[in-house]
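These notes concern the structure reproduced below.
The values are calculated or read from the model by the stated rules, or taken from the named source; none is laboratory data. Here the structure is a predicted model, which means the values were calculated and not measured. Here Cβ is always computed from backbone atoms with ideal geometry, including for glycine, and neighbour counts include all displayed protein chains.
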Amino acid sequence: MNRACFHKNTTELASSTKLNLHEQNKHASPIRPLKINFARMKKRYLISLIFCVCLSVTLYSQYVGQFAGIQSVKPQINIKAYSFDLNDVKLLTSRFKENMELDGKWLLEINNNRLLHSWKVNAGMQTNGKPYGGWEALDVELRGHSAGHVLSGLALMYASTGDQKYKSKGDSLVRVIAEVQVVLNKDGYISAFPENLINRAIDGKQVWAPWYTLHKIMQGLID
């Protein structure tokens with residue numbers, strides 16, 4: 001299960017639950033994007049295209065059969081194996097179950113106000129939450145992606161256990177994100193960072209992974 005690395009301000013949270021499976025940050029290290037000739041493409045069209053690709057990959061290629069009821073394009077291959085739902089599998093007493101329970105405890109301890117602080121700031125909304133540090137600090141271009149990881153984690157835990165508290169926490173995060181989207185009022189755009197980061201990526205300027213961050217957000221919402 002993916003989970004966010006909050007680093008500085010959340011070391012006490014991680015240590016309190018003995019979290020030992022942090023996501024490695026090497027795959028999201030700052031890199032200079034390729035200079036692709038997207039300068040004349042309309043930004044909104046490009047964002048919509050990326051989101052649709054993320055959606056189609058998630059609903060089709062990765063989990064064949066899991067979303068058969070809502071697939072608009074049926075598989076054209078001879079499928080030899082289908083995925084199964086997490087609620088069809090129950091872990092027995094083991095280290096795996098202990099790790100799952102540890103993950104669940106950590107997810108529920110995350111403070112929603114702190115996690116979504118940068119989202120509200122980006123929309124100019126009032127917030128009294130103390131922002132998390134590290135990758136979620138207000139001066140870090142990667143801010144906001146942690147919420148996507150947390151949403152995915154909560155969704156997976158709810159699917160695995162059926163415990164309503166995971167769904168309730170995920171629903172509360174989605175409600176606030178929806179409020180931020182309305183306040184931003186930018187044709188559906190939603191993120192914890194301003195759109196100019198995307199402009200920099202389109203123009204071939206150095207920026208820290210806006211597409212990666214948007215993918216994590218969309219993945220969390222889909223889950």
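A few points about this structure:
- Among all residues of the range 172-180, there is none that is in contact (Cβ under 8 Å) with a residue 24 or more places away in the chain, farther than 19 Å from H117 by Cα, exposed (fewer than 14 other Cβ atoms within 10 Å of the Cβ) and of a type outside the set (F, W, Y).
- Per-region count, the range 189-203, residues part of a loop (DSSP other than H, G, I, E, B) and farther than 15 Å from N113 by Cβ: 7
- For the condition small (G, A, S), closer than 24 Å to G188 by Cα and under 16 Å from the mean Cα position of the chain (by Cα), G124 does not qualify.
- Meets criteria (surrounded by fewer than 19 Cβ atoms within 10 Å (Cβ to Cβ) and assigned to a helix (DSSP H, G or I)) for K186: no
- Scanning the range 196-219 for residues that are buried (at least 16 other Cβ atoms within 10 Å of the Cβ), of a type outside the set (S, T, Y) and within 24 Å of Q126 (Cβ to Cβ) returns L197, I217.
Table: residues versus (1) touching a residue at least 24 places away in the same chain (Cβ under 8 Å); (2) in contact with a His (Cβ under 9 Å, 6 or more places away or on another chain); (3) more than 27 Å from F84 (Cα to Cα).
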site: G133; (1), (2), (3): yes, yes, yes
site: E136; (1), (2), (3): yes, yes, yes
site: V140; (1), (2), (3): yes, no, yes
site: L151; (1), (2), (3): yes, no, no
site: S160; (1), (2), (3): yes, no, no
site: D163; (1), (2), (3): yes, no, no
site: Y166; (1), (2), (3): yes, no, no
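- Applying the criterion of at least 3 residues that are loosely packed, with under 11 Cβ neighbours inside 10 Å and either touching a Lys or Arg at 6+ places or on another chain (Cβ under 8 Å) or modelled with pLDDT under 90 (or both) to the helices (runs of 4 or more DSSP H) found wholly in the range 73-163 leaves an empty list.
- Selection of the range 177-223 for residues being of a type in the set (A, V, I, L, M, F, W, C) and in contact with a Lys or Arg (Cβ under 9 Å, 6 or more places away or on another chain) yields V180, V183, A192, F193, I198, I202, V207.
- Checking each residue of the range 131-154 against the condition of being within 17 Å of E195 (Cα to Cα) and among the small types (G, A, S) gives at least one match.
- Counting residues in the range 54-71 that are in contact with a helix residue (DSSP H, G or I) (Cβ under 7 Å, 6 or more places away or on another chain), closer than 29 Å to S191 by Cα, of a type in the set (V, I, T) and modelled with pLDDT of 90 or more gives zero.
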